[in-house]
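Everything below concerns the one structure shown next.
Where a number appears in this text, it was derived from the coordinates with a stated rule and is not lab data. Fair warning: this is a prediction, and the values are worked out from it, not measured in the lab. Cβ coordinates were reconstructed from backbone atoms using ideal geometry, including for glycine residues, and neighbour counts include every protein chain displayed.
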Amino acid sequence: MSKLDQGQINPVKENIAKILKNYSINNFNFLVNPKGAHNTTIIITKKGGNKYAMRVYCQNRRTKNEIRLEIDYINFLFNRGLPVPEVVPVKKNNYIAETEIDGKLWYSILTKFFKGNHPKFYSKKLLKDLAFVQAKIHLLAPTFNSKYSNLFKLCDTGEKSKNYLYTDLLSVDKINLENLKKIELKNFLSRALKLSINFKKLPIAIVHKDIHAFNIIENKGKLAAVLDFDDLFNGPLFIGLPYMLWDIYVKNNDWSYASYYINEYKKTRKILEEEKKNIKNFLLLRNYVMGTVEYLVGGENSKGVLMMDLERYFKIEKEIMKLKIEKLYGKN
């Protein structure tokens, strides 16, 4: 998978060994996970059988304190019994390994490994498990506090959503629409830039907005873990629900599974009326973000370098436009 940034570590054994010295791990095998748009994830198997997942952060993507905030959030959920990674300390109360390689300082974290796979299809059992966990995360989010919380700038909560739309993903203003040859792509990106959502009445918190198949582990049909808290942001905590609904439709190609997920979610956390009104806008938001990133990494004729063909994003946009939210949302 192509990366959005430059500045990933060269994941050769010599470099990995230098990082693992922080954890006194000397004898190991490794496998580089190709997923992820920014950082590098490496699966480590220690001699004796213990397995870990190591994330090496892209250069200049996260400050050390921003990574500390991410770890605080993971530990916050872990200590409340939710299925999130257990972060391995480098030493007491320090979870970030700092390693100098070829004159550059690399930040990394190590977590215990979860058995299982990323789902290619969402069964109702998996959706039930996940809906409960996501609803719990949303209930808990307003109670989270860290001395690093103020590092995450509040997203744009005004009428216009352009800056917020692509927060932490890309600089959409660098795209010159006039230079695009494919009219359908040009129109798609133009509609993305014009999308407006009023966030002012939505509950705000630091929350994981990017729960989807690549950030989920299932084992024997059950949810094993929610991963990748690098995508924390400070904004409408509800946004993660329609983002998840979008991924359910992408994988299952059936809105009834998304409807099932909503109804399972509501058993744990009530969806506010203002949130309900914005489900469709946030579905479009997610489709625009992912479609735009697909273009940036794969070009005008991308055939799924990031996730799927650009043509599929165009079709999904039309599906969302004609979607009846009351039918999707179901009964209270």
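Reported value for the stretch 13-112: 113 Å³ per residue, from the convex hull of its C-alpha atoms. Modelled label positions at Ser196 and Lys222, each set 7 Å beyond Cα in the direction of Cβ, lie 4.9 nm from each other. Given a 10 angstrom Cα cut-off, can you work out which residue in Lys315, Lys266, Lys136 is the most mobile in a GNM of the chain? Maximum fluctuation in the GNM of the chain, among the listed residues, is at Lys315.
Shown in residue order for the stretch 288-302 are the 3J(HN,Hα) couplings computed by the Karplus curve 6.51 cos²θ - 1.76 cosθ + 1.60 at θ = phi - 60°: 5, 4, 5, x, 5, 5, 4, 5, 5, 8, x, x, 4, 10, 4 Hz (x for Gly and Pro). Proximity of backbone amide H atoms, modeled 1.01 Å from N, is registered between Ile197 and Ser161 at under 5 Å, excluding neighbours fewer than 5 places apart on the same chain. With both labels modelled 7 Å from their Cα along Cα-to-Cβ, the Lys276 to Val32 distance reads 4.9 nm. Annotation: amide H of Ala224 within the under-5 Å range of Ile217, Glu218, Asn219, sequence separation 5 or more or interchain, hydrogens built in the peptide plane. Of the cross-linked pairs Lys201/Lys270; Lys64/Lys112; Lys128/Lys266; Lys18/Lys91; Lys120/Lys318, those separated by over 19 Å at the C-alpha level are Lys64/Lys112; Lys120/Lys318.
Estimated purely from DSSP H runs of n ≥ 4, each contributing -39500 (n - 2.57), the mean residue ellipticity at 222 nm for the chain is -11000 deg cm²/dmol once divided by its residues. About its Cα centre, the stretch 187-332 has a charge dipole of approximately 720 debye under the convention of +1 per Lys or Arg Cβ and -1 per Asp or Glu Cβ, with nothing else charged. Between Val88 and Leu110, Thr111, Lys112, the built amide H atoms are under 5 Å apart, and every one of these is 5 or more places off in sequence or on another chain.
Given their separation in residues at 0.36 nm each and the Cα-Cα distance between them, Lys13 and Asn50 gain 11.5 nm when the chain is fully extended. Compactness ratio for the stretch 71-135: Cα radius of gyration over 2.2 N^0.38 Å (N = residue count) comes to 1.49.
Once the piece of chain linking Asp102 and Leu151 is laid out straight, how much longer is it, given 0.36 nm per residue of separation minus the C-alpha distance between them?
14.7 nm
Each residue of the stretch 43-51 was assigned a 3J(HN,Hα) from its phi angle through the Karplus expression (A = 6.51, B = -1.76, C = 1.60, θ = phi - 60°), giving 8, 10, 10, 7, 4, x, x, 5, 10 Hz with x at Gly and Pro. Only alpha carbons enter this Debye calculation for the stretch 124-329, each as an equal point scatterer, and the log10 of I(q)/I(0) it gives at q = 0.15, 0.19 Å⁻¹ is -0.99, -1.56. About the centre of its Cα atoms, the chain shows a dipole size close to 860 debye [charges on the beta carbon of Lys, Arg (+1) and Asp, Glu (-1) only; nearest 20 debye].
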